[in-house]
Amino acid sequence: MSAPDVLIIGAGITGAVAALELTEMGAKVEVVDRYGPAAMASGWTLAGVRQSGRHPAELPLARDAVKRWQELDRRLEARTAYRQEGNLRLARTETEMETVKALVEDQKTAGLDISFLADGGAAREIVPALSQAVLAASWCPTDGHADPVATVNAYLRLAERQGAKISTGEGVRHLQVNGARATGAVTGTRTISAGAILAAPGILTNTLLEPLGLAIPLRRPLVTVLRSAPLPPMLAPVLGVANADMAVRQEVTGHLRATSGAEIWRGALDETDGGPVARTSMGRIMETIARVSHVLPGFAEAEIESVWGGVLDLTPDALPVIDYVPGVDNLVIAAGFSGHGFGIGPTTGALAAQLVMAMPPKLDVSAFRFERFLKSKPEQQAALTLHG
């Protein structure tokens, strides 16, 4: 393959979607990733596909993404395990009830199909396995969940069949920039020339930006993820809670996948068998089991099949950057998805592809501009939602 029209750095959901979109536009594309498809955030995620609980700026993207998800298996000629089985955001205290009620009112005003279940009995009609600790909930029936690794691989396989080159196990060390143009990237083994670059490397974003004198103000908290052995069906919707300190869903395979809240992480990525590893702690595992079991008692009886840590690329406002890098005309960044980028990936990847091809984006991305972090120092950290 000759020099690509577009080099994509990162084989997560954003990079995979953009690769397919760009090949369908007729561009020559190469995707390069230090590890492999969905090796980091896209594989670590709970993998909810939700509109509920979204920031107003993200809600149009989420609604567009849900439309795309409904046709995705057919489009990709593969199974993503997408199920539109709803989302329950649970309230466990009177304070959380008010939080959930306010969320429902705001999002109903925005046109979302969402309702407030004013007592726990209504939530237990949807999920009988819920405990009496659930006092109320929001219910969005058009939310859902999918298999993150299968989805990313399906995008990449179709892009590859259409001519994209997928290069894994090869990390980009630095970008080559000449004046206002990015000309390529240097890996550990070669230099890749490119007409344009889309950088979507998640928590590794600033390693590429800092040599250019730029950075996104990212924190990197850790989320603990537990996956059970397969169980009989007990949970169709995704469950979240008002303060985002836990979430859980049941995969189509029967496995329960649960996440903790975001916690301060001072560790470093390790590598095992060529893949990245972020280690959690016994205390975090115990806390996650306790929180999930408090609302879903059957979780405490499940056998644990695997445990891992997922590191978030968390921005101060919990919104991503989908924009040109300031001062570089043909370099687009898509990062900072703050733990809830998977579900909107089919849309954000398409928007990033449009930008890198110098096309007007089909949805408003003004809230996701890079320059919002250059104008002033953020004063506080936004509240975080994790499930999806």
Cα Rg, Dmax (largest Cα-Cα span) when computed across the chain, Å: 20.3, 63
Theoretical ellipticity at 222 nm over the chain - DSSP helices of four or more residues, -39500 (n - 2.57) apiece, nearest 500: -7500 deg cm²/dmol
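Here are some pairs, 28/67; 165/362; 67/101; 28/375; which of them have Cα atoms lying more than 30 Å apart in this structure?
Numbers: 28/67 27 Å; 165/362 26 Å; 67/101 26 Å; 28/375 35 Å.
Going by Cα-Cα distance, 28/375 fall outside the 30 Å limit.
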Given the options 184, 26, 341, state which has the largest fluctuation in a GNM of the chain using a 10 Å cut-off (strictly under) for Cα springs. 26
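In what order, largest first, do 348, 189 sit by accessible area if the probe radius is 1.4 Å? Present the calculation step by step, with values, prior to reporting the outcome.
Numbers: 348 0, 189 115 Å².
Heavy-atom accessible area, descending, gives 189, 348.
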When the accessible area of the chain is split by element with a 1.4 Å probe, what percent falls to carbon and sulfur? 51 percent
Which one, 309, 255, 330, projects farthest toward the positive side of the charge dipole computed for region 229-345 from Cβ point charges (K/R +1, D/E -1)? 255
What accessible area, in Å² to the nearest ten, does a 1.4 Å probe give for residue 93? 60 Å²
Based on the mean of other Cβ atoms within 10 Å per residue, sort peptides 284-293, 232-241 so the most packed one is first. 232-241, 284-293
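Going by accessible area, probe 1.4 Å, with all protein chains left in place, what is the ranking of 170, 30, largest first? Present the calculation step by step, with values, prior to reporting the outcome.
Values: 170 30, 30 5 Å².
My answer, sorted largest first, is 170, 30.
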For the chain, the dipole about the Cα centre with charges only on Cβ (Lys and Arg +1, Asp and Glu -1), to the nearest 20 debye, works out at 480 debye
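Over region 48-139, with the other protein chains present, what is the accessible area per residue in square angstrom, probe 1.4 angstrom?
On the way: 4330 Å² over 92 residues.
On a per-residue basis, 47 Å².
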Everything considered on the Cα gyration tensor (a ≥ b ≥ c; rounded for a/c under 1.5, else prolate if a/b is larger than b/c, else oblate), region 150-269 must be described as oblate
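Could you list the trypsin sites (Lys or Arg not before Pro) in region 218-278 that lie in coil according to DSSP, counting only those with at most 15 other Cβ atoms within 10 Å of their Cβ? Let's see the in-between values first.
Details: sites: 219, 227, 249, 257, 266; in loops: 266.
Loop-located and lightly packed - 266.
Please state the relative contact order of region 103-216 as a whole percent: Cα pairs under 8 Å, 6+ residues apart? Walk me through the intermediate numbers first.
On the way: 107 pairs, mean separation 14.7, N = 114.
The value is 13 percent.
Given a 1.4 angstrom probe, what's the average accessible area per residue across region 232-291, in square angstrom?
With the other protein chains kept in place, region 232-291 gives 46 Å² per residue.
The values are calculated or read from the model by the stated rules, or taken from the named source; none is laboratory data. These numbers were taken from a predicted model, which means no experiment stands behind them. In this analysis, Cβ positions are derived from the backbone assuming ideal geometry, glycine residues included, and neighbour counts consider all displayed protein chains. Surface accessibility is based on the protein's heavy atoms, side chains included, excluding ligands, DNA and RNA. Shrake-Rupley method; radii C 1.70, N 1.55, O 1.52, S 1.80 Å.
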